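Notes to accompany the following structure.
The values are calculated or read from the model by the stated rules, or taken from the named source; none is laboratory data. Quick caveat: nothing in here was measured; it's all calculated off a predicted structure. All Cβ positions, glycine included, derive from the backbone under ideal geometry; neighbour counts span all protein chains shown.
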Protein chains: 2
Amino acid sequence: MPKLDLEAIPQSNRTGYPDPFDQAVAGRWWRRLARAGGLTEMGASHVVLKPGAWSSQRHWHDDEDELLIMLSGEAVLVEDEGRTILRPGDVCAWPKGATNGHHLINENREDCSFIAISAGDRNGTGAYSDIDMKFDGKGYYHKDGTPYPTKRMR
Amino acid sequence: MPKLDLEAIPQSNRTGYPDPFDQAVAGRWWRRLARAGGLTEMGASHVVLKPGAWSSQRHWHDDEDELLIMLSGEAVLVEDEGRTILRPGDVCAWPKGATNGHHLINENREDCSFIAISAGDRNGTGAYSDIDMKFDGKGYYHKDGTPYPTKRMR
């Protein structure tokens, strides 16, 4: 069935982030849409951010394009240049290799939700703008290459 | 700027479909988002369907996954099995190679809008469910391989 039954897709707030970087995303509840829909050429997730939750640590991908479509509520996009309010119908695009890190923060009292899509090399690398962390397809590392103890999740 | 200024992106209702198959999509107004946002690993378009307009002839892709997110209004998804109403927040996924053709029709008096995303081999092939037409990366053909006179648009 091409129209996805979102409510029937399991929702999780799990993360592979090591402590203490996992705490900011504890209120991020995601559903894997691409897997549910049989897609293999892109990743797609439906994400709900509870009040206060972050979409991720502020990051970029070296090898994957990302697209985000706001569905409900309001979020603040944070990048090097500052803050941008996002509302339903807004669309953001982050080309692979652009090292201006981004994430969304729900600063409101209501949930917000969006769809996040990715395409490219899902085993590629990237890094975080505000913390001593980078990643590859398998895990997380200090910027000097020393591994963190957790694995990336898919 | 990752948040796309949708109004600043040129809007077009052009199509590569040969006559008379172009008529059903004359009220389909699209904006190319991936190009505007610098994305190369996926295609993404913002599409407005005027009352009566079709999103496309009913089709499938052999080599590209497609994802659709309804933004506003209402549309009817038509597939082999029949009709499904789509409303804002609904998400549809069409895996490459699934030969159950799909398209959306705006049967309402108000515009509807959605985001359509694709990933995979954009020079791949596909075909149409209800008419004597198939396509490859360059153009359109009768099902016996005889070309139509028009080219595919990107």
Looking only at the range A:86-108, decide whether some residue is of a type in the set (D, E) and more than 11 Å from every other protein chain (Cβ to nearest Cβ).
yes
Tell me which residues, restricted to the range A:78-116, are touching a Pro at 6+ places or on another chain (Cβ under 7 Å) and surrounded by 21 or more Cβ atoms within 10 Å (Cβ to Cβ).
A:C92, A:A93, A:W94, A:H102, A:N106
Odd one out for A:D63 among (1) within 25 Å of B:D63 (Cβ to Cβ); (2) crowded, with 21+ Cβ neighbours inside 10 Å:
(2)
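If you take just the strands (runs of 3 or more DSSP E) that sit entirely in the range A:105-154, which of them hold at least 1 residues that are under 19 Å from A:L68 (Cα atoms) and not acidic (D, E)?
On the way: elements: A:112-120, A:126-128, A:139-141, A:147-151.
Answer list for the range A:105-154: A:112-120, A:126-128.
Scan the range B:140-154 for residues that are within 24 Å of B:A44 (Cβ to Cβ) and surrounded by 15 or more Cβ atoms within 10 Å (Cβ to Cβ) and jot them down. Can you show your working first?
Going through the range B:140-154, the residues within 24 Å of B:A44 (Cβ to Cβ) turn out to be B:140, B:150-154.
If the condition is that a residue be within 24 Å of B:A44 (Cβ to Cβ) and surrounded by 15 or more Cβ atoms within 10 Å (Cβ to Cβ), then B:Y140, B:T150, B:R152 are the ones that fit.
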When A:M133 is run through (1) among the hydrophobic types (A, V, I, L, M, F, W, C); (2) more than 16 Å from B:G37 (Cα to Cα); (3) surrounded by 21 or more Cβ atoms within 10 Å (Cβ to Cβ); (4) touching a residue at least 60 places away in the same chain (Cβ under 8 Å), the failure sits at (3)
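Those residues that are outside any helix (DSSP H, G or I), touching a residue at least 12 places away in the same chain (Cβ under 8 Å) and crowded, with 16+ Cβ neighbours inside 10 Å, I need them from the range A:23-42; list them, please.
Residues of the range A:23-42 outside any helix (DSSP H, G or I): A:26-32, A:38-42.
Those left that are additionally touching a residue at least 12 places away in the same chain (Cβ under 8 Å): A:26-32, A:41-42.
Listed by number, the residues that qualify are A:G27, A:R28, A:W29, A:W30, A:R31, A:R32, A:E41, A:M42.
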Go through the residues of the range A:74-85 one by one and say whether even a single one is assigned to a loop (DSSP other than H, G, I, E, B) and under 13 Å from the mean Cα position of the chain (by Cα).
no
Restricting the first residue to the range B:49-72 and requiring it to be closer than 19 Å to B:N100 by Cα, which pairs with a second residue that is outside any loop (DSSP other than H, G, I, E, B) and hydroxyl-bearing (S, T, Y) meet a Cβ separation below 7 Å and a spacing of at least six or different chains?
B:Q57/B:Y128; B:R58/B:Y128; B:H59/B:Y128; B:E64/B:S118; B:D65/B:S118; B:E66/B:S118
Hey, does the range B:33-42 have a residue that's within 24 Å of A:R35 (Cβ to Cβ) and modelled with pLDDT under 95?
no
Out of curiosity, is B:T125 away from chain A (no Cβ under 12 Å) and either in contact (Cβ under 8 Å) with a residue 60 or more places away in the chain or among the aliphatic types (A, V, I, L, M) (or both)?
yes
Only one of (1) touching a Leu at 6+ places or on another chain (Cβ under 6 Å); (2) in contact (Cβ under 8 Å) with a residue 60 or more places away in the chain fails for A:L86. Which number is that?
(2)
Before we move on, is B:G16 over 18 Å from B:L77 (Cα atoms), free of Cβ contacts under 8 Å to residues at least 40 places away in the same chain and not aromatic (F, W, Y)?
no
